Amino acid sequence: MKIYKPTTPSRQNMTGIDYRKLLSGHRPHKKLVSGGKRRAGRNAFGRITMRHQGGGHKRRFRDVDFSYNKHDIPARVISVEYDPHRTGFVGLVVYADGEKRYVLLPQSVKVGDSFLVSEKAEVKPANRLPLGKIPVGAFVYNVSFRPNGAAALARSAGNYAEIIGQDAGYTLLKLPSTEVRKVISTAWACVGAVSNEENYLVRIGKAGRSRWMGIRPTVRGTAMNPVDHPHGGGEGKQPRGRKREVNVYGKQTGKGQKTRRPKKYSNVFIVSRRQVGKRSAGTP
């Protein structure tokens, strides 16, 4: 971690990642980088669908490969780079046939290391193989839901899913949220945990740094008027007047409330629900 000299009040509590020690210093590969307009939490009609987003530093999009559809062709990592759109580090890899792609890197993988996407691959960090061929107790990331699907689970910095069992064609995964879920054993996953595991220790320190990241201010519901929020109104500081905490749309949120739909399609795959309102397994 990088700790700054306390030259200002905000600097006293600010921390960051020392990227000089973790990245290879290579510039982004132009053929896999593109620009584009950021939506800032708005849909195609321009209406806000995700609050507290907007502004921020200009970013370029890295075309990261989550499909991993080049089987049985070894690849070598030629750079470790920062991606402004995600918390984990990405690496530029070159396959034996000469093609270059960006992939999400696991911990302990550095420039010069190789990996393989194959059913016969060795169980070591960065290698990708079917869940049914990975032993119980191993950590995996970039987990897909379907045999030929793209990686969808455990993709954030430092995250991983733990394999805790194999049962009747399904693999039992303990996810970072503490949820235990069944995934078909023919789905694929990468061995290891996502890089940049110290990301959760970063303290932003000041409001301006949040704005650089594209995060707009959040106003408490109790500070609003009744027309603006269900918690608003009253003379002075008032309790919310409701049994459960809700968001601006009146939906339950946070503090131990269950927000999952009772009849969601994936309920049959959940063995154990996540511990609501507590710290996730991926953070100490």
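Just so you know, all these numbers are worked out from the coordinates, no wet-lab data involved. The shown structure was predicted, so the numbers you read here are calculated from the model rather than taken from an experiment. All Cβ positions, glycine included, derive from the backbone under ideal geometry; neighbour counts span all protein chains shown.
Could you order the peptides 114-121, 127-134, 198-205 from most to least packed, using the average number of other C-beta atoms within 10 Å per residue?
127-134, 114-121, 198-205
Suppose a student asked you for the relative contact order of the chain, using Cα pairs under 8 Å spaced at least 6 residues apart; what percent would you report?
On the way: 586 pairs, mean separation 47.4, N = 284.
Value for the chain: 17 percent.
Which entry is the computed semi-axes √(5λ) of the Cα gyration tensor in Å for this structure: (i) 36, 27, 18; (ii) 41, 27, 19; (iii) 46, 25, 14?
(i)
Over the Cα atoms of region 161-272, Rg to Rh with Kirkwood Rh, two decimal places?
1.11
Give the cross-link partners of Lys206 among the lysines, using a straight C-alpha distance below 28 Å as the criterion and excluding same-chain residues fewer than 8 apart.
Lys2, Lys5, Lys21, Lys37, Lys58, Lys237, Lys255, Lys278
Take peptides 34-40, 228-234, 150-156 and line them up by average Cβ neighbours within 10 Å, highest first, as a rough protection proxy. Mind dumping the intermediate values first?
Working: 34-40: 10.4, 228-234: 16.6, 150-156: 18.6.
In decreasing order of mean packing, 34-40, 228-234, 150-156 become 150-156, 228-234, 34-40.
Of Tyr4, Gly234, Ser185, whose Cα points farthest to the positive end of the dipole of the chain (charges on the beta-carbon: +1 Lys, Arg; -1 Asp, Glu; origin at the Cα centre)?
Gly234
Might you report the magnitude of the Cβ-based charge dipole of the chain about its Cα centre, with Lys and Arg at +1 and Asp and Glu at -1, to the nearest 20 debye? Can you show the working numbers first?
Details: 55 positive and 19 negative charges, 308 e Å.
About 1480 debye.
Report D for region 172-224 in µm² per second (integer): Stokes-Einstein, Kirkwood Rh on Cα pairs, 20 °C, 1.002 mPa s. Don't jump to the answer; show the numbers that get you there.
Details: Rh = 15.6 Å.
The estimated diffusion coefficient comes to 137 µm²/s.
Which net charge results when you count Lys and Arg as +1 and Asp and Glu as -1 among the other residues whose beta-carbon is under 15 Å from that of Thr171? The partial results should precede the final answer.
Details: positive: Arg128, Lys133, Arg146, Lys174, Arg181, Lys182; negative: Glu119, Glu162, Asp167, Glu179.
So the surrounding residues net to +2.
What number does region 78-161 give for Rg over Rh if you use C-alpha atoms and the Kirkwood radius? Show your work: numbers first, answer last.
Values: Rg = 12.8 Å, Rh = 13.7 Å.
Reported Rg/Rh, Kirkwood definition of Rh: 0.93.
Give the aspartates and glutamates reachable from Lys100 as a straight Cα distance under 16 Å; neighbours fewer than 8 places away on the same chain don't count.
Asp63, Asp65, Asp72, Glu81, Asp113
Explain nothing, just the number: relative contact order of region 1-87, from Cα pairs under 8 Å at least 6 residues apart, as a whole percent. Before the final figure, lay out the partial values.
Numbers: 69 pairs, mean separation 25.7, N = 87.
Answer for region 1-87 is 30 percent.
Give the separation of the Cα centroids, region 225-266 to region 38-87, in Å.
About 31 Å separates the Cα centre of region 225-266 from the one of region 38-87.
Give the aspartates and glutamates reachable from Lys264 as a straight Cα distance under 18 Å; neighbours fewer than 8 places away on the same chain don't count.
Result set, ordered by chain and number: Glu179.
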